[in-house]
Amino acid sequence: MKRISEDYQSRLPDNTALKQQQLPAYRLQLSATGVLSGFFAAGAFCLGMGIILILSAKSIKEIEVKYTKICANCAELREDATNFDKECTCSIPFYLSETMKGNVYMYYKLYGFYQNLYQYILSRSNSQLLGTDLKDVGNCAPFSNSHDGTPIAPCGAIANSIFNDTIILSYNLNSSIPIEVPMLKSKITWWTDKYVKFQNPSSINLSSAFAGTTKPPYWSKPVYELDEEDPGNNGFLNDDFIVWMRTAAFPTFKKLYRRLNRIQYFIEGLPAGNYSLLIFDFPVTRFKGEKSVVLSTLTWSGGSSLFLGLAYTVTGAVTWLAAFSMMAIHLMLKKKKMLFIQD
Amino acid sequence: VANFYFLIIFLVQLMIDTPTSPITSGLPLFFVITVTAIKQGYEDWLRHNSDNEVNGAPVYVVRSGGLVKTRSKNIRVGDIVRIAKDEIFPADLVLLSSDRLDGSCHVTTASLDGETNLKVCTCICIMLLWVSKCFWVVVTFSFDQRRKKFVKSLKLLKIINFLKEIILFCFAGVAIYTGMETKMALNYKSKSQKRSAVEKSMNTFLIIYLIILISEAIISTILKYTWEAEEKWDEPWYNQKTEHQRNSSKVFYGILRFISDFLAFLVLYNFIIPISLYVTVEMQKFLGSFFIGWDLDLYHEESGQKAQVNTSDLNEELGQVEYVFTDKTGTLTENEMQFRECSINGIKYQEINGRLNIIFLQIKEHNLFFKAVSLCHTVQISNVQTDGIGDGPWQSNFAPSQLEYYASSPDEKALVEAAARIGIVFVGNSEETMEVKTLGKLERYKLLHILEFDSDRRRMSVIVQAPSGEKLLFAKGAESSILPKCVGGEIEKTRIHVDEFALKGLRTLCMAYKQLTSKEYEEIDRRLFEARTALQQREEKLADVFQFIEKDLILLGATAVEDRLQDRVRETIEALRMAGIKVWVLTGDKHETAVSVSLSCGHFHRTMNILELINQKSDSELFSLWIITEDHVIQHGLVVDGTSLSLALREHEKLFMEVCRNCSAVLCCRMAPLQKAKVIRLIKISPEKPITLAVGDGANDVSMIQEAHVGIGIMGKEGRQAARNSDYAIARFKFLSKLLFVHGHYYYIRIATLVQYFFYKNVCFITPQFLYQFYCLFSQQTLYDSVYLTLYNICFTSLPILIYSLLEQHIDPHVLQSKPTLYRDISKNRQLSIKTFLYWTILGFSHAFIFFFGSYFLIGKDISLLGNGQMFGNWTFGTLVFTVMVITVTVKMALETHFWTWINHLVTWGSIVFYFIFSLFYGGILWPFLGSQNMYFVFIQLLSSGSAWFAIIIMVVTCLFLDIVKKVFDRQLHPTNTEKAQVTIFYIQYLFKLKVCNSE
């Protein structure tokens, strides 16, 4: 008998909260007042944020100068392979009606350039760019080796197609002598890219470090001659190169090119007036896209477009709308209920 | 099947050049297979252990002239096995000898058919030698050819089967069947796989998604080639083709490339069919089913039995039941007989509070009746307590109520106990005598013959020699089998009384006797012996002899035994009906008894118009019934018996089903087990395809339990056969309401949300990927990093839904149980209807569009998001979409959750935090073994941008805003009953709080 009762005992389920599904819990209860106040609060927040964001976006000055057509003859010149080395420049004048205050950033913008193609994105060698193994060109097809079999450095389609226009901005102070606007090449890349992800192979000088490799077929000069003045900006460490290597998500994209050096006339930013762009060209007609230069100021949150502000405003407005209609329905139902009770 | 699909995707990835690495889908597949393997392995291991226990049990076998100890798995056919008291039979055995003088032994067949009473097995000593020779011969013959005959002739002895517990000192038997050929093994039916309605709709959804997947892949492939047809996009100068690709531009290779492109897109989008869905569903079912066994409300204290889950695949089906088929005896009733009334010599007596309203003198008068009751049976007295019989002083102290009787039928037990209460106590049978204490005076009756009960005769009799020397025959049986045989006694009055008893729902038996002269007895004895030892047609001969003996009886009276209703049966049936479930009672009992029990248990109401379809030979009545039932004003109850039912089903199936559907309660009596199953099958295949549930407790309910969608076994007195073959076993019928209304409801809600949510989150996941193809010339570039692709379903979004699907309680369980009507809210698989499915899918797509285009308008164009003017690349874009997605999908789960335990909080917010920590960690290091360093510092850069934060917030808010608004409006305008109940509970709590505040 005793054995049996023990047996029963052991079969008795444990009376724990988990096993009895009685864990202490908060039951989410949506009461009308709670939901409504939540909605109103969220709506107010969104509206407020929206207005702030719109205002800050409005404060941004931006000008875009397209130069594809104006520089078309240069491009045509380049079409002919024999003219490869010939210098071709074109100059585009434009007028800045308002002063751009604060830091001004110069971007180049490409239309219809697909940096996001699968094969294209694959076509790079991280170990080569780290400087650890220059000969590692495994993923770089079809730009891994030159015809005679020497590995290309930097290899791959991305590096090969680097944007190589040179853009010089000059300011016509009083219509006679153009002053070249001072620009900075530094800090246009992510810090980690410049100091961790991209490294030159170690050697006494760069040209010997890159010995045994050849330049990409579309490049006019080898990688160790990208910036001969500044060794910190040469080879794989070249800022323009690193910027290019961060592939853009969409076929229309903008990449940071230069920052305004705020000295002399430009302490305040870019003053209003006549400017001109001097461009050394890049074979763009072949992809039938468009190119432009963008000058822009930024706010604390970057060059936010109106989109974010509008999104917030619209969401806030819709939230309030929903809240009001909910309140109306709620009151109506309540009245009905009251009537029902009175009946 | 699903794993096969994933294996194919994996192989495709290995074969062709695809945008995602094989690891991306290989790892989840590996994970899934590992989890499944571990689960299966664990179950196998348990099974293996228990097998070992049985197979390795030591047994003593006579071999090469001596007793050898061996393991039970080594027993061969023909071995002579020695079995001691309380041991389990290791094989099917034929009894050769026992240590008792008469060569008998008592066995129970609990593990075979669940009957716990003792059965006597006798080896007929005279035949022993011959028998063993005979069966040696038979046994060495082929089994299959001889089995039929073999088994038939063996009835002569009694086969004692595998695993019968024996209560005996020693026993020797020859093994006739071993291993898989034992009767027990033959009883193992391979259970047909039952699939739940949820699983079926899940498969439908899977096919829909497969179609979506394939059409997306086809669209992508076609668009890719349309782009390429335009020359300028075919091969931009900056992305030249490799030699290999150039070569393949011939026609043949072109087709090959087309196919491989198609496959590549297939691989790219394959995440839309969630591989982890299967694991999660499996785990949810497996872990979730523990809650039933753990539930204290389903624990029956008296028997110490808790609910038992035999398959976890059907949990959610408990929330979908539309028809309940229930057995009567042992399911609705206790199967615990209580003597209530009797009619002796035409006078009716009642037992009140354990005392028959009969005065002392009358007992003498009706002496014979009670003697018949206490002698005509096969009741055993528990061995332990009969040990002391014969020791004078002990015996006199023996209070009658403390005697423990074991009987093969509970009716017999009740009768013997009742007789004992009157004062005529059956104290034991030893060898060939039966001892009865009549009002304190011990009388010994010599037991001459037992004419055993069988279901054809529906009666049994004993022949005893009274102490005075006269030989008496007592017969007991159903009134239909006794009354016609009677020639004397108050036949008419008794018949009226019996009918009255039956109307009250009592089970009746009639008693009769006959005095035998010694000449008569000698003839009987001779004929019986002849018949019993006959080798051919033994049964027929025995039946003839019984027929000869049991005639010209004198009626003594009738007994009425009540089978008490179980606790709360009426309430449970009422609740089931309120929940929109139709209850059918299927019973083998007689029509009158069945109807009265139905009335008393609330299955039939007094107000109900009860229609009867009994002993039906033609179809005309069915038509008239149908016309009556078309009247919907009053409720109808239908009573059908087995013969009419089989007729109705054979010829007028549709009409009959129509009638049944119009009736709110149906009672089928006189049903054979297979007929029960057939009724269920008919309901199952009727046009609405309702979900059926069968409840039963005995071996005769097994076929119906197996036939129904959900089979529930009651662990009752008739053994474990039903419980073992059922999907769920509970101790009492009343537990059904909690099982269905609470557990079933929860499981259904949980799994329905689980399935919908899984599809939703994978639509969210993969649609941006598809949209991105429009911006990258369908070059199969992935939007997310491959590590994110892999971990999305495994780590980032898996736990909240799993925990939800284990713990969610959208309404308080007490409310669910007290308001059965809430069960209607989930009937017909409502949560997984095409409408809700579409809602979730569209929600998924719209969320995906918001993620993608929100991010696109934010950074897609040309905007710098960093304060220092630097730009983001494609990986940052993907990470932004992914971050918004992980947060939205997790918060969406949070919105669905009504029941917030600390575990929910932990996994929900933990998942988001884990995603952030993981991403910071993953992006913070240049992983040496990964080929691509795409994600290096991407996430950190993203988070360092203020705009990105604002964008994440607004996108999450916008996504969920739609959903919240819909929820709120739905609730306000057309709330379901469930939602109303949620609100009322809230208000009650609120009012209660107010009251408390006021009183303070």
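The values are calculated or read from the model by the stated rules, or taken from the named source; none is laboratory data. Not measured: the values here are computed from a predicted model. Because the Cβ atoms are built from the backbone with ideal geometry, glycine has one as well, and the counts that use them run over all protein chains shown. Please note that ligands, DNA and RNA were not included when accessible areas were found on the heavy atoms of the full protein model with its side chains. Shrake-Rupley method; radii C 1.70, N 1.55, O 1.52, S 1.80 Å.
Quick notes on this one:
- Which listed pairs, of A:Lys215/A:Lys291; B:Lys504/B:Lys684; A:Lys58/A:Lys254; B:Lys200/B:Lys684; B:Lys194/B:Lys654; A:Lys58/B:Lys892, have C-alpha distances above 23 Å, in listed order: A:Lys215/A:Lys291; B:Lys504/B:Lys684; B:Lys194/B:Lys654; A:Lys58/B:Lys892
- Contact order normalised by residue count of chain A, Cα under 8 Å, 6+ apart, percent: 35 percent
- Protection proxy ranking, peptides B:687-697, A:40-50, average beta carbon neighbours within 10 Å, highest first: B:687-697, A:40-50
- The range A:180-311, relative contact order [Cα under 8 Å, separation at least 6], %: 26 percent
- The slack in the chain from B:Ile214 to B:Leu655, taken as 0.36 nm per residue of separation less the alpha-carbon distance, amounts to 154.2 nm.
- 3J(HN,Hα) along the range B:564-571: 5, 5, 6, 4, 6, 5, 4, 4 Hz, from the Karplus curve 6.51 cos²θ - 1.76 cosθ + 1.60 with θ = phi - 60°, whole Hz, x for Gly and Pro.
- Inter-chain Cβ neighbour count for B:968-974, averaged per residue, equals 4 (cutoff 10 Å, partner chain atoms only).
- Three principal axis lengths of the range B:730-843 [C-alpha, angstrom, descending]: 64, 28, 20
- Residues of the range A:177-193 that lose at least 50 Å² of accessible area (1.4 Å probe, protein heavy atoms only) when the other protein chains are present, relative to their chain alone, are A:Trp190, A:Thr192.
- Residues whose amide H comes within less than 5 Å of that of B:Val639, counting only those at least five positions distant or on another chain, are B:Leu611, B:Glu612, B:Leu613, B:Leu667 (H built at 1.01 Å from N in the peptide plane).
- Built amide H within the under 5 Å cut-off of B:Ser864, gap 5+: A:Gly303
- Taken over the range B:894-942, the alpha-carbon convex hull comes to 97 cubic angstrom per residue.
- What the Cα convex hull of chain A gives, in volume per residue, is 295 Å³.
- Expected-Rg normalisation [2.2 N^0.38 Å, Cα atoms] applied to the range B:768-921: 1.30
- Size-normalised alpha-carbon gyration radius of the range A:181-245, reference 2.2 N^0.38 Å: 1.12
- Helical mean residue ellipticity (222 nm; -39500 (n - 2.57) per DSSP H run of 4+; nearest 500) of chain A: -9500 deg cm²/dmol
- Taking the accessible area of the range A:99-227, probe 1.4 Å, and keeping the other protein chains in place, the carbon and sulfur fraction comes to 52%.
- Projected label points at A:Ala17 and A:Trp191, each 7 Å from Cα along the beta carbon direction, are separated by 4.6 nanometres.
- With a Förster radius of 56 Å applied to the C-beta separation of A:Glu229 and B:Phe929, the computed FRET efficiency comes to 0.90.
- Distance between the 7 Å Cα→Cβ label points at B:Ile940 and B:Tyr253: 4.5 nm.
- Within the accessible area of the range B:680-822 (1.4 Å probe), percent carbon and sulfur: 58 percent
- Mean separation of Cα pairs under 8 Å and 6 or more residues apart, divided by the residue count, gives the range A:82-185 a relative contact order of 16 percent.
- Counting only whole DSSP H helices of chain A, the ones at least 30 Å long by C-alpha along their axis and with mean Kyte-Doolittle hydropathy no lower than 1.6 are A:32-58.
- Ranked packing of B:961-967, B:875-881, most packed first, by mean Cβ within 10 Å: B:875-881, B:961-967
- Length gained on full extension, B:Asn367 to B:Arg47, computed as 0.36 nm times the residue gap minus the Cα-Cα distance: 109.5 nm.
- At R0 = 22 Å, FRET efficiency that the Cβ-Cβ distance of A:Arg27 and B:His905 yields, to 0.05: 0.95
- Under 5 Å, built H, 5+ apart or other chain: amide partners of B:Thr326: B:Trp584, B:Val585, B:Leu586, B:Val695
- Alpha carbon convex hull of the range A:35-194, projected area averaged over orientations, nm²: 16.7 nm²
- Debye intensity ratio I(q)/I(0), log10, the range A:126-245, q values 0.12 Å⁻¹ (C-alpha model): -0.47
- Remark: the range B:492-552 projects, on average over all directions, an area of 5.8 nm² (convex hull of Cα atoms).
- Area hidden from solvent between A and B (accessible, protein heavy atoms only, 1.4 Å, total, Å²): 8000 Å²
- Inter-chain shielding of A:95-107 (mean C-beta neighbours from other protein chains, 10 Å cut-off): 1
- Here the calculated FRET efficiency for A:Thr166 and A:Ile267, from their Cβ-Cβ distance with R0 = 25 Å, stands at 0.45, rounded to the nearest 0.05.
- Enclosed volume per residue, in Å³, of the convex hull spanned by Cα atoms of the range B:253-325: 153 Å³
- Potential lengthening of the chain between B:Leu223 and B:Glu302 amounts to 21.3 nm, from the contour at 0.36 nm per residue minus the alpha-carbon distance.
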